[in-house]
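Worksheet for the structure shown next.
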Amino acid sequence: MVMQVNEDLIRNVVAQVLSEIGPPPAVNGKKYAGRYGIFSDVDEAVAAAREAFEQLSERTIDIDKRLVRLEAMVEVAQRNRLPDDS
């Protein structure tokens with residue numbers, strides 16, 4: 001049995017995995033929130049980057065595993081895609 005893989009199927013798989021992951025964690029950064037990448041000097045920009053990196057590093061391994069699973073599912077779907085009839 002060959003499964004027809006199309007853009008709608010991939011969108012549905014992505015939506016399902018994202019719903020399992022849930023919303024992104026709340027941002028705890030107070031000092032640099034709302035700055036939109038505009039800083040008064042390099043030191044301030046580096047401090048904001050460090051804070052953002054630390055927040056990103058706090059993501060759980062579970063979320064990372066789910067993202068890897070999503071990537072694998074998309075890769076399989078792309079490999080098994082049937083050629084267009086056009």
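Within the set of pairs 6 or more residues apart or between chains, which connect a residue that is at pLDDT below 75 inside the stretch 62-86 to a residue that is assigned to a helix (DSSP H, G or I) with Cβ atoms less than 6 Å apart?
none
Taking F53 as the residue in question, decide whether it is assigned to a loop (DSSP other than H, G, I, E, B) and modelled with pLDDT of 80 or more.
On the way: assigned to a loop (DSSP other than H, G, I, E, B): no; modelled with pLDDT of 80 or more: yes.
It is false that F53 is assigned to a loop (DSSP other than H, G, I, E, B) and modelled with pLDDT of 80 or more.
Cβ-Cβ distance below 7 Å, separation of 6 or more or different chains: which pairs start in the stretch 13-39 with a residue that is of a type in the set (G, A, S) and end on one that is assigned to a loop (DSSP other than H, G, I, E, B) and at pLDDT below 80?
A33/V27
The values are calculated or read from the model by the stated rules, or taken from the named source; none is laboratory data. Being a predicted model, the structure only gives us computed values, none of them experimental. Here Cβ is always computed from backbone atoms with ideal geometry, including for glycine, and neighbour counts include all displayed protein chains.
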